[in-house]
Amino acid sequence: MSKLLLVEDDVALRDMTAKYLKSANFLVDTVGDGSDAFELLRFSSFDLVVLDWELPGLSGPEVLQKYRNKGGKTPVLMLTGKNTLSDKTAGFGAGADDYLTKPFELEELLLRIQAILRRSNPVAPNNVLKARDIELDTAALIVTRAGITLKLLPKEISLLEYLLRHPGQVFSADQLLDRVWSSSSDATTEAVTACVGRLRKKIDSDSDKPLIKTIYGLGYKLEDS
């Protein structure tokens, strides 16, 4: 499940857009101020940012330029009512990956987000992530082991997806909390540990070679070999 940051000061539009994106199986954080958005980008990780142009605090281009100057690599889709070539040039010049003018259809926004994510984090053509005999269909959110469907909770699926996308990498509980849980969530590292434990029981219960390995003092990693 990809984690998005939606930066939009129009409360009604922000809430409607966030609800739609959540229904499309995205984890969505929202903020309505440019300065707050920049601070959130400094300390949290996202797969994509949907960034409005006109914002209180810092404008969208100012947020983006400061973020890029700090080395930020996350893809950014700009939202704006400005539609002249010079405006688009300014948006792309600040580091935007795509540009959508208002008013827009939510379906088009979704298609553009999906296209950017495919370019930045490609998966198999059929949207299936695999490790050994575990398969996760990221579109249908179905997990199978050796062809048998497993009953996983939504957060367990999100955690498994993140680990499957980064095999062999070690993540601390704090890092997993940042990447898999919403920034506004009141979850703790203890919740991460509990989720890892539940996931292990469901996918590794009778395995002599666990898929998820604890690296003591460091965190967890998925071993796909």
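Bear in mind that the values in this text are calculations on the coordinates, not laboratory data. Just so it is clear, the model here is predicted, and its values are computed rather than measured. Using ideal geometry, Cβ is built from the backbone for each residue, glycine included, and neighbour counts are taken over all protein chains shown.
Things worth noting here:
- Rg(Cα) / (2.2 N^0.38 Å) computed for segment 3-120, rounded to two decimals: 0.95
- In this entry, segment 128-222 is assigned a mean projected area of 6.0 nm², taken as a quarter of its C-alpha convex hull surface.
- For the chain, a crude dipole built from +1 on the beta carbon of Lys and Arg and -1 on the beta carbon of Asp and Glu, taken about the Cα centre, is about 740 debye to the nearest 20.
- Label assignment, semi-axes √(5λ) of the Cα gyration tensor in Å derived from the structure, set (1) 33, 22, 15; (2) 34, 18, 15; (3) 27, 22, 16: (2)
- CD proxy at 222 nm, helix term only [per DSSP H run n ≥ 4: -39500 (n - 2.57); per residue of the chain; nearest 500]: -12500 deg cm²/dmol
- The angle separating the long axis of helix 154-165 from the principal Cα axis of greatest extent in the chain is about 90 degrees.
- Take 156-164, 170-178 and order them by the average number of nearby Cβ atoms within 10 Å per residue, most first; the result is 156-164, 170-178.
- Listed residue pairs exceeding 31 Å between alpha carbons, taken from Lys66/Lys213; Lys22/Lys151; Lys82/Lys130; Lys73/Lys201; Lys19/Lys82: Lys66/Lys213; Lys82/Lys130; Lys73/Lys201
- Nearest-ten-degree value, helix 106-120 long axis tilted from longest Cα axis of the chain: 60
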